[in-house]
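Working notes for the structure below.
The values are calculated or read from the model by the stated rules, or taken from the named source; none is laboratory data. The model shown is predicted, which means the values in this text are computed figures rather than measured ones. Cβ placement follows ideal geometry from the backbone for every residue including glycine, while neighbour counts extend to all protein chains displayed.
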Amino acid sequence: MSAILCPSCGSDNCQSFSILNAHGTSVVNTSTRTAGVGVGRGGLGVGTAKSRTTGTQQTAVGAMTAAPAKKRLRWQVILSIVLVLFGLSKITHGIGIVMLIVGLALAYWGYTRLRYNQNVWPQLYSDWQLKFLCNKCGTVFVNQPSYTSPADEEVASTVE
Ligand SMILES: [Zn+2]
């Protein structure tokens with residue numbers, strides 16, 4: 001494995017966003033400060049102080065290096081199907097037509113989110129997988145393993 005070098009300062013002390021994100025998340029989980037008594041094994045933590053040990057908190061680095069999220073669309077799909085079916089069953093009434101229209105609009109919205117997940121998100125995610133942070137100078141850069149011509153390295157070093 002060849003070392004990942006920072007294009008700005010040339011340091012090899014660089015970490016990928018995925019590792020930084022996992023690290024930033026776990027650090028919070030272990031170092032959460034609870035002023036009261038620790039949570040007992042039985043789970044009956046009589047918290048005199050507010051404990052926010054949810055495990056979902058992240059450090060600033062953890063949040064900064066979070067992977068791009070897919071758009072959720074499960075409830076849109078379910079709700080649109082329900083609305084369309086119900087609207088069709090009551091199509092002779094005004095409310096049925098309204099529900100049908102709302103259901104179709106919701107379906108279209110879900111469709112646009114599905115398209116995002118299929119077309120936009122994979123590119124964002126692959127970009128994220130190639131992102132690195134230099135621990136020495138703090139530069140964030142994208143490591144292109146298959147595309148490192150000398151000319152590009154020269155450009156990268158001259159651009160501050
Ligand atoms: Zn650097």
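What the table below lists for this structure:
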item: Residue ID - farthest from the chain's Cα centre (by Cα), chosen from residues in segment 72-102 that are under 30 Å from Ser18 (Cβ atoms) and of a type in the set (A, V, I, L, M); result: Val77
item: Single residue of segment 64-88 satisfying the filter (out of contact with any helix residue (DSSP H, G or I) (no Cβ under 7 Å at 6 or more places or on another chain) and in a helix (DSSP H, G or I)) that is farthest from Leu130 (Cα to Cα); result: Leu85
item: Residues of segment 82-102 satisfying the condition of being crowded, with 17+ Cβ neighbours inside 10 Å and of a type outside the set (Val, Ile, Thr); result: Leu83, Gly87, Met99, Leu100
item: Qualifying position, being surrounded by fewer than 16 Cβ atoms within 10 Å (Cβ to Cβ), modelled with pLDDT of 65 or more and more than 29 Å from Phe17 (Cβ to Cβ), among Ala49, Ala69, Ala105, Ala63; result: Ala105
item: Hey, Gln144 surrounded by fewer than 13 Cβ atoms within 10 Å (Cβ to Cβ), at pLDDT 90 or above and away from the ligand (no atom under 16 Å from the Cβ) or not; result: no
